[in-house]
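The values are calculated or read from the model by the stated rules, or taken from the named source; none is laboratory data. If you're wondering where the values come from, they're calculated on a predicted model, not measured in any experiment. Note: ideal-geometry Cβ built from the backbone for every residue, glycine included; neighbour counts use all protein chains shown. Quick note on the areas: whole protein, heavy atoms, side chains included, nothing else; ligands and nucleic acids left out. Shrake-Rupley method; radii C 1.70, N 1.55, O 1.52, S 1.80 Å.
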Amino acid sequence: MLKTSIYSSFIFFLVISFIACRDNRNAGISTKKADSLENNIPKIDRYNANYQMMAVKGNDTALTTFKKKYTAAQQHIILALNRVDFTNFNRIDSIVIPDSVWSDINSYSPFPLQIEALDSVPKMVFFAYPIQAFAAYEHGHLVRWGPSSMGSKIHPTKTGLAFTNWKAEEHVSTADDEWLLRWNFNIHNKEGIGWHQYTMPGYPASHSCLRLLENDARWLYDWADEWIVEKNQHVLAEGTPVLVFGTYDYEGMKPWLKLAEDPKANEIAEKDLLNELKPNLEKIAEEQHKREQVIASQQDSVGQGS
């Protein structure tokens, strides 16, 4: 009886110890996630005022007036809102300008600041065809958004779920060897489709890729995760999930110009993004789990080898 009692007490101690260790480990993970969110998630104040239209075409002093009236930082914000760079400024008809130009472009985000369905997803990128823009999320919190020039009518960008794979600071396009793509991050390996820095003309003009301003391309290049492959190029785990969705009205008014009439014209509601996400959440979770397992296995191998 004494042996049985001692054995039972020993088993009880092991169970209690396991539960305590498990709870401590989970608490550690939660604390780590909380610390990460605290450090990485920007505080975003929404811009809730109006916009005005400024004519560019036929206005010889438009560029001069624009540069005199706004600081370099403000110019960047305004150009980003119009999906255009300085190279193409004089080629567009009009630009839309917020009544108050704040310093943080995230304040003008058309994307929701939070998506609860992505709470357990470390990183996620959206590219919205209808408004030519991208958004990056960490655990469901918006960390950055910006303009994009996606596929033209003749060469549309492939929609649906993809995952980042390889990247290169400079990459020569497979479509034209005269196109040098900087901060290139591929999302469709066989098709050669990815995001990168390239000229932004104020409309979807890409040869199926996802054009970005240089500061956004560089940021995403450093932020997103590459796939994990073996030496024989066998894919062990995918990179960051990317969802390209929607369609663009090539014949209609540029969506951002509609802000002059309705400041909320470009807004994408959380429920709308959730509708795009729902068919893909299982795949995202599956690939995330696979990646975590591969990373854990590699870390174990390194630890055993040291």
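About its Cα centre, how strong a charge dipole does segment 178-220 have in debye, to the nearest 20, once Lys and Arg get +1 and Asp and Glu get -1 at the Cβ? The partial results should precede the final answer.
Details: 4 positive and 4 negative charges, 14 e Å.
That gives a dipole near 60 debye.
On the accessible surface of segment 119-272, probed at 1.4 Å, how many percent belong to carbon and sulfur atoms? Mind showing how you got there, number by number?
Details: 3250 of 6740 Å².
Heavy-atom surface of segment 119-272 belonging to carbon and sulfur, 1.4 Å probe: 48 percent.
Which residues' amide hydrogens lie under 5 Å from the amide hydrogen of residue 240, considering only partners 5 or more residues apart or on another chain, with H built in the peptide plane?
164, 225
What figure, in Å² to the nearest 10, do you get for the accessible area of residue 100 with a 1.4 Å probe and non-protein molecules left out?
For residue 100, solvent-accessible area is about 50 Å².
Sorted by accessible area with a 1.4 angstrom probe, largest first, how do 91, 218, 291 fall?
Values: 91 180, 218 105, 291 45 Å².
In descending accessible area the options line up as 91, 218, 291.
Using the heavy atoms of the protein chains alone and a 1.4 angstrom probe, what is the accessible area of segment 57-152 per residue in square angstrom?
Details: 3550 Å² over 96 residues.
Per residue, segment 57-152 has 37 Å² of solvent-accessible surface.
Report the accessible area of residue 180, computed with a 1.4 Å probe over the heavy atoms of all protein chains in place, in Å² rounded to the nearest 10.
Surface open to solvent at residue 180 totals about 80 Å².
What number comes out for the charge environment of residue 111, summing +1 per Lys or Arg and -1 per Asp or Glu over other residues with Cβ under 11 Å away?
Details: positive: 144; negative: 267, 270, 272.
For residues surrounding residue 111, the net value is -2.
Loop only by DSSP, 16 or fewer other Cβ within 10 Å of the Cβ. Give me the GluC sites (Glu not before Pro) in segment 211-292 that pass, ordered by residue number.
Numbers: sites: 214, 226, 230, 238, 251, 261, 267, 270, 276, 282, 286, 287, 292; in loops: 226, 230, 238, 251, 261, 267.
When the GluC sites (Glu not before Pro) of segment 211-292 are filtered for loop state and at most 16 Cβ neighbours within 10 Å, 226, 230, 251, 261, 267 remain.
Can you list residues whose amide H is under 5 Å from residue 133's amide H, if they're 5+ apart or on another chain and H is modeled 1.01 Å from N?
128, 148
Can you list, bin by bin at 5 Å, the percent of alpha carbon pairs in segment 39-104, starting at 0?
Cα pair-distance distribution for segment 39-104, in percent: 3, 15, 28, 25, 14, 8, 4, 2, 1, 0.
Measuring from label point to label point, each 7 Å out along Cα→Cβ, what is the residue 262 to residue 286 span in nm?
Going from the residue 262 label point to the residue 286 one covers 3.8 nm.
Using θ = phi - 60° and the Karplus form 6.51 cos²θ - 1.76 cosθ + 1.60, what ³J(HN,Hα) does each residue of segment 289-297 get, whole Hz, x for Gly and Pro?
Values per residue, Gly and Pro as x: 4, 4, 5, 4, 5, 5, 4, 5, 5 Hz.
At 1.4 Å probe size, what's the solvent-accessible area of residue 272? Round to the nearest 10 Å².
60
Post the alpha-carbon centroid distance, segment 90-111 to segment 214-258, in whole angstrom.
One Cα centre to the other: 22 Å.
Which loop-located chymotrypsin sites (Phe, Trp or Tyr not before Pro) does segment 194-253 contain, where loop means any DSSP state but H, G, I, E or B and the Cβ has at most 11 other Cβ atoms within 10 Å?
On the way: sites: 195, 198, 219, 221, 223, 227, 245, 248, 250; in loops: 198, 227, 248, 250.
Qualifying residues, ordered by number: 250.
Taking only protein heavy atoms into account and a 1.4 Å probe, give the accessible area per residue of segment 188-266 in Å².
Working: 3790 Å² over 79 residues.
The answer is 48 Å² per residue.
For segment 104-166, what is Rg from Cα atoms divided by 2.2 N^0.38 Å, rounded to two decimals? Intermediate results must be reported in sequence, preceding the final value.
Working: Rg = 12.6 Å, N = 63, 2.2 N^0.38 = 10.6 Å.
Normalised Rg, Cα atoms only: 1.19.
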